[in-house]
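Novice: First the structure, which I've put down as C-alpha cells, then a few questions once you've had a look.
The values are calculated or read from the model by the stated rules, or taken from the named source; none is laboratory data. Just so we're clear, the structure is a prediction, and the values are computed from it rather than from any experiment. Here the Cβ positions follow ideal geometry from the backbone for every residue, glycine too, while neighbour counts run over all protein chains shown.
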Amino acid sequence: MHNNPLPRLDEQPEVRARLLPFCRLTPGGVWNDATSGHRVACIDAADPSAAADLMDGKRAQLAIQDPPYNLVAFDTRGIREYIEWSRAWVTNTLQALESDSSFYVWLGADQRDHFQPLPDFMLLMRDFPVQARSFITARNQRGYGTQKNWMAVRQELLYYVRGTPAFNVEAEYTDIPKTLRGYYKDVGGERTENLQRGKRDTIRAGNVWLDIQQVFYRLQENVSGCYAQKPLKSTDRIIRASSRAGDLVIDFFAHSGTTLLAAELAGRRCFTADIDPVYCEIAIRRLEHFRVAGKTGWQNGHAFEKEMPAGRLSSFADRAPEGTVQTTLF
C-alpha cells in the first residue's frame, strides 16, 4: 500500500506552514469552478459579510454544517463563547437558505463534560425560525472508551427544516436486508406481515445509521491531514434525501471537502468555505483529483504529494513539539 500520509495538521503547525505557499486562496479569496458552478471561499463562517460574498446573491436549498466541536481545538474557548460563536454562523446559514430548506448539523456530545456542546446548542436552536425534525445517530466502528464506562461510538446529527423542503424517502434505504418478521395486518381481507407489505427487501436507515463506514487510512476516500472527515456515504444520503438535482448545497466548514465532492457526485452545486487556506486547497484538490483520476481521496497519501513527495514532510513532523495544537484553524 502507498504510504505517504500527512500528519494531523491541527497538531503539526510546522507542516501546515510548509503547505501554505501551495494554496491558491488567501483569507477572503473565492475559487470559482468553471465546470459545475461550485464555489470555495477562505472565510470565517461567523462573518456575515464574508458569508454573503460566498453566496453571491444565491440561496441554497440545503445546508450541511460540521462545525468543530472538539473544544480542545479552541484552547481556552468555553461553552458560552462556543455557543455565541455558533449563534453567528447559524444566523449566516439561515440567511443563505431558501424559505423552504433543510439544515443539518453534525455535533458532538462529550460524555466527560455534561455532553457538551450538544445540549446548549439544541437550546440555542430554539431561538431561530426552524423546526426540529430528527435527531440522527451515526454509529462509528471505532470509538473512545474506558474500562469503567460504555465506549463512545456515536456521532450526533441534528436535522431542522424551514417551510416545506424536499425529502426523498427513497434515499433512506440501505443495503441491510430485512430480517425481522411479524407486525401482521389485514390488507384486502388477507393477513400479511411486514416483509410482504414493504416496498423493498432492505431496511430504511431511520434515525440510527448503522451502515456508514468510518473513514480511516485504508479507504480510498481517506484524506490524511484532516481530523474530522465525514464519510461520503453519509453526506450523499443527506444530499439525495433533502435536495433535488441542480439544487444548491452549502457547507461553511469544508475541512476535507466531503460535501463538495458529494454534491459533485449527486449533480448538485456546492458553495463551501473554510477559514484555513490549507483545508480550502485540500477541498479543491480533492474535487480535481476525482475528475482526473476517478478517486475520492488519496487513501494513505496526501493532496500535496506533487510539491511535497515522500520524505519531504517527515523532518518537519519530527520537529513539531509533542502535543502542539494549532488554534487558528477555525
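Novice: Just the residues that are in contact (Cβ under 8 Å) with a residue 12 or more places away in the chain and not in a loop (DSSP other than H, G, I, E, B), please, taken from segment 17-32.
Specialist: ARG18, LEU19, LEU20, PHE22, VAL30, TRP31
Novice: Then there's this: Output the residues belonging to segment 155-167 that are under 19 Å from GLN61 (Cα atoms) and either out of contact with any Lys or Arg (no Cβ under 6 Å at 6 or more places or on another chain) or hydroxyl-bearing (Ser, Thr, Tyr) (or both).
Specialist: Across segment 155-167, the qualifying residues are LEU157, LEU158, TYR159, TYR160, ARG162, GLY163, THR164, PRO165, PHE167.
Novice: Looking at (1) closer than 21 Å to THR272 by Cβ; (2) modelled with pLDDT of 95 or more, which is the only condition ALA73 fails?
Specialist: Among (1) closer than 21 Å to THR272 by Cβ; (2) modelled with pLDDT of 95 or more, ALA73 violates only (2).
Novice: A further question follows. As an exercise: evaluate ALA317 against (1) in a helix (DSSP H, G or I); (2) modelled with pLDDT of 50 or more; (3) small (Gly, Ala, Ser) and give the number of the one condition it does not meet.
Specialist: For ALA317, the exception is condition (2).
Novice: Just a yes or no: is a residue in segment 87-104 in contact (Cβ under 8 Å) with a residue 12 or more places away in the chain, farther than 22 Å from LEU260 by Cβ, part of a helix (DSSP H, G or I) and charged (D, E, K, R)? Walk me through it before giving the result.
Specialist: Initial filter on segment 87-104 (in contact (Cβ under 8 Å) with a residue 12 or more places away in the chain): 87-104.
Next cut, farther than 22 Å from LEU260 by Cβ only: 87-88, 91, 99-100.
Then keep just the ones that are part of a helix (DSSP H, G or I); that gives 87-88, 91.
Narrowing the set further to residues that are charged (D, E, K, R) leaves 87.
For segment 87-104, residues in contact (Cβ under 8 Å) with a residue 12 or more places away in the chain, farther than 22 Å from LEU260 by Cβ, part of a helix (DSSP H, G or I) and charged (D, E, K, R): present.
Novice: Oh, and also: Mind listing whichever residues of segment 232-244 are of a type outside the set (A, V, I, L, M, F, W, C) and surrounded by 20 or more Cβ atoms within 10 Å (Cβ to Cβ)?
Specialist: Here is the first cut: in segment 232-244, the residues of a type outside the set (A, V, I, L, M, F, W, C) are 233-237, 240, 242-244.
Within segment 232-244, SER234, THR235, ARG237, SER242, SER243 qualify.
Novice: Another question, then. Any residue that is within 22 Å of PRO5 (Cα to Cα) and outside any helix (DSSP H, G or I) - is there at least one of those in segment 265-274? Talk me through it step by step, then tell me what you get.
Specialist: Residues of segment 265-274 within 22 Å of PRO5 (Cα to Cα): 274.
With outside any helix (DSSP H, G or I) added as a condition, the list becomes 274.
Looking through segment 265-274, at least one residue is within 22 Å of PRO5 (Cα to Cα) and outside any helix (DSSP H, G or I).
Novice: Just to be sure before I move on: is ARG200 touching a strand residue (DSSP E or B) at 6+ places or on another chain (Cβ under 9 Å), surrounded by fewer than 14 Cβ atoms within 10 Å (Cβ to Cβ) and part of a strand (DSSP E or B) in the structure I sent? So that I can check it myself, show each step before the final result.
Specialist: Values: touching a strand residue (DSSP E or B) at 6+ places or on another chain (Cβ under 9 Å): yes; surrounded by fewer than 14 Cβ atoms within 10 Å (Cβ to Cβ): yes; part of a strand (DSSP E or B): no.
Criteria not met by ARG200.
Novice: Determine the pairs where a residue that is surrounded by fewer than 14 Cβ atoms within 10 Å (Cβ to Cβ), located within segment 204-225, has a partner that is of a type in the set (A, V, I, L, M) with Cβ atoms under 8 Å apart, the partner being 6 or more residues away or on another chain.
Specialist: Within 8 Å, the pairs are VAL208/ILE136; LEU210/ILE176; GLN213/LEU219; ARG218/MET1.
Novice: Same structure again: May I ask you to list the residues in segment 254-274 that are charged (D, E, K, R) and either surrounded by fewer than 24 Cβ atoms within 10 Å (Cβ to Cβ) or touching a Phe, Trp or Tyr at 6+ places or on another chain (Cβ under 7 Å) (or both)? Can you show your working first?
Specialist: Start the filter on segment 254-274 by keeping residues that are charged (D, E, K, R), which leaves 264, 268-269, 274.
Across segment 254-274, the qualifying residues are GLU264, ARG269, ASP274.
Novice: Which residue pairs have Cβ atoms closer than 6 Å, lie 6 or more positions apart in sequence or on different chains, and pair a first residue in segment 151-172 that is closer than 17 Å to SER234 by Cα with a second residue that is polar (S, T, N, Q) and assigned to a strand (DSSP E or B)?
Specialist: VAL153/ASN140; ARG154/THR137; TYR159/SER134
Novice: Separate question: Residue check: is GLN116 surrounded by fewer than 16 Cβ atoms within 10 Å (Cβ to Cβ) and in contact (Cβ under 8 Å) with a residue 12 or more places away in the chain?
Specialist: On the way: surrounded by fewer than 16 Cβ atoms within 10 Å (Cβ to Cβ): no; in contact (Cβ under 8 Å) with a residue 12 or more places away in the chain: yes.
Spelling it out, it is not the case that GLN116 is surrounded by fewer than 16 Cβ atoms within 10 Å (Cβ to Cβ) and in contact (Cβ under 8 Å) with a residue 12 or more places away in the chain.
Novice: Additional query: Here are THR174, THR93, THR137: which of them is farther than 24 Å from PHE252 by Cβ and not acidic (Asp, Glu)? Break it down stepwise before answering.
Specialist: Working: THR93 fails: farther than 24 Å from PHE252 by Cβ; THR137 fails: farther than 24 Å from PHE252 by Cβ.
Just one listed residue meets the conditions, THR174.
Novice: Could you check, for segment 210-227, whether at least one of its residues is modelled with pLDDT of 95 or more, under 12 Å from the mean Cα position of the chain (by Cα) and either small (Gly, Ala, Ser) or assigned to a loop (DSSP other than H, G, I, E, B) (or both)?
Specialist: no
Novice: Scan segment 275-305 residue by residue and report those that are basic (Lys, Arg), outside any loop (DSSP other than H, G, I, E, B) and surrounded by fewer than 23 Cβ atoms within 10 Å (Cβ to Cβ). Break it down into steps so the answer makes sense when it comes.
Specialist: Our first condition is that a residue be basic (Lys, Arg); within segment 275-305, this holds for 285-286, 291, 295.
With the extra rule that they be outside any loop (DSSP other than H, G, I, E, B), the set shrinks to 285-286, 291.
ARG285, ARG291 - these are the residues of segment 275-305 that are basic (Lys, Arg), outside any loop (DSSP other than H, G, I, E, B) and surrounded by fewer than 23 Cβ atoms within 10 Å (Cβ to Cβ).
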